[in-house]
């Protein structure tokens, strides 16, 4: 936890705006800063004093700070609050207008921090008075700037955030209305039900049963929905899955993407989905998607693929279909293991590599590419080099083609690049002494796989990978 300063200009005078933040890493391992408290404009001496307090006793400083925020009257004296803007300052400025349209207002640093604070703490009691004090501005100025930037009052914004969280919990958990109310910041289920109907237009129990227009933003979740007989209206669908399910499409989707659009929230917003499925992603993208519709996001690196499949099925009311699908797959797995027992007995080690001239990828057990089939279902072990540094749990290791032998295993499954020119170069690199020295290559236990069908970890992809792997391992 440390003091961060942001340069700002107020009435033409440059100064520093201070806030206390702490460092953390998100689900993708990227370094992020989490807001702890906004302090506003401080003198150099005041900033030095805060730094010293943080260095000596962070917990004591936090306790003192929370007391300040809760007691707004006390906060008025302790925070450096700017004067209220005059009416002259608030009038429309021609420079902010263009072609008769008002330009989008730029949020001040304190407002960005206030919005982040609301998103992180909407489950707790929050008032305009507390946030204004925390931001170092008057209540009137806070309300005015908040509405100008968000298009909503503070109360409406907070209500919508809480109702969105209630929608997500209704769909993704078996919690009762009272528990959900407490989880999203309301004291009882009756009040939540009333606010829910005001915002959504229907009571919570009717909302669960109402048909929904679904947006699925990952290959795996789109294929999982299709395996359940659910047609996502807006979806990111791989070429392999689109071809595999072409005969089971019951209705025409609104929009399918072959790849994830760069600005995904802008791409799906015009189609007005009622529910969005995605991986657990960055806070910024999560906020953008939740502004469109309830978001069901899963930590795919922490859940087994079949757990994710069952979770999705429960959300869309297809739990029975999911059980039937997994039971059929379990029967195929048992047959596959009996066949391998007869052919090879002890499994040994196996590794999956995606080859390329610039970069190659060795995959662990939480990143698809057939690794869940090899390691979980067919009882192969990853190579020791993946286990030693924990890479097997991370997802994948990036390396040069010359480094692939470092992750040698008894059985090597490799996918060639789709680009014809690059594929030719990779094949030339594989026709070298260093490649031919790999033990699996020498023993004729290196197998070429289809990179597209081996990408996913949905039921259809898993079945395809299972059958292909067994065929490769048992061929004469």
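The values are calculated or read from the model by the stated rules, or taken from the named source; none is laboratory data. Only a predicted model underlies this, so the values are computations on that prediction, with no experimental measurement involved. Positions of Cβ are backbone-derived with ideal geometry, glycine not excepted, and every protein chain shown enters the neighbour counts.
With 114, 166 as the choices, which residue is under 21 Å from residue 297 (Cα atoms) and assigned to a helix (DSSP H, G or I)?
Values: 114 fails: under 21 Å from residue 297 (Cα atoms).
Result of the check over 114, 166: 166.
Quick test of your reading of the structure: residue 282 fulfils all but one of (1) modelled with pLDDT under 90; (2) surrounded by fewer than 16 Cβ atoms within 10 Å (Cβ to Cβ); (3) touching a helix residue (DSSP H, G or I) at 6+ places or on another chain (Cβ under 8 Å). Name the failing condition by number.
Checking residue 282 against (1) modelled with pLDDT under 90; (2) surrounded by fewer than 16 Cβ atoms within 10 Å (Cβ to Cβ); (3) touching a helix residue (DSSP H, G or I) at 6+ places or on another chain (Cβ under 8 Å), the one that fails is (3).
Is there a residue in the range 140-154 that is in contact with a strand residue (DSSP E or B) (Cβ under 6 Å, 6 or more places away or on another chain) and touching a residue at least 40 places away in the same chain (Cβ under 8 Å)? It would help to see each step written out before you state the result.
Looking only at the range 140-154, we keep the residues that are in contact with a strand residue (DSSP E or B) (Cβ under 6 Å, 6 or more places away or on another chain), and these are none.
Scanning the range 140-154, I find no residue that is in contact with a strand residue (DSSP E or B) (Cβ under 6 Å, 6 or more places away or on another chain) and touching a residue at least 40 places away in the same chain (Cβ under 8 Å), so the answer is no.
Restricting attention to the range 438-476, which residues are within 26 Å of the chain's Cα centre (by Cα) and without any contact (Cβ under 8 Å) to a residue 12 or more places away in the chain?
The answer is none; no residue qualifies.
Across the range 169-199, which residue is surrounded by the most Cβ atoms within 10 Å (Cβ to Cβ) among those that are outside any helix (DSSP H, G or I) and in contact (Cβ under 8 Å) with a residue 12 or more places away in the chain?
186
Can you give me the number of residues within the range 117-155 that are in a helix (DSSP H, G or I), within 26 Å of the chain's Cα centre (by Cα) and over 19 Å from residue 41 (Cβ atoms)?
6
Anything in the range 1-48 that is more than 29 Å from the chain's Cα centre (by Cα) and at pLDDT below 60? List them, or say none.
Hits for the range 1-48 are 9, 10, 11, 12.
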